[in-house]
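*Asks:* Sending over a structure as structure tokens; questions will come in a sec.
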Amino acid sequence: MKMSPTSTHPPEAADQFCEDAETDERIPVAREWQQLAELTHAQPAALNAALKKLGSAIRLNDEEIPQVSAIFARCLAVKPPAGRPRVKRSPFVPFLSPDRGTVRKPS
């Protein structure tokens, strides 16, 4: 998720991401955030330096870091809704020939 530093507040962006992302996207991002926060001791200077190295333009302040951490912790706690299980599609499905199930080269 890329955004400009002035486009929205980081806690709002994190909350929106947790709402919109699929479980297979949300869980790894939330875990990576937790690891990053632990490695930097959630200190703004260290965390922002790490985010910059990762290519982020966002800069977090003292208030936003615990807010974002709480949101991602909630993302990890959320269980998928009851009902029909979701089927994860293989990235190779488009390359299977519909007539015989043979592999074809991507165009």
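Please treat every number below as a calculation from the coordinates, not as lab data. If you're wondering where the values come from, they're calculated on a predicted model, not measured in any experiment. Cβ placement follows ideal geometry from the backbone for every residue including glycine, while neighbour counts extend to all protein chains displayed.
*Asks:* Give me the Debye-computed log₁₀ of I(q)/I(0) at q = 0.15, 0.20 Å⁻¹ for the range 10-79, equal point scatterers on Cα only, no solvent, two decimals.
*Replies:* Each listed q maps to, in turn, -0.44, -0.78.
*Asks:* So, one more: Can you work out the FRET efficiency for the pair Ala70 and Glu19, with r the C-beta to C-beta distance and R0 = 22 Å, to the nearest 0.05?
*Replies:* Result of the calculation: an efficiency of 0.90.
*Asks:* If you average the sequence gap of Cα pairs under 8 Å that are 6 or more apart and divide by the length of the range 10-79, what percent do you get for the contact order?
*Replies:* Rounded, it is 48 percent for the range 10-79.
*Asks:* Show me 52-62, 28-38 ranked by packing, highest mean number of other Cβ atoms within 10 Å first.
*Replies:* 28-38, 52-62
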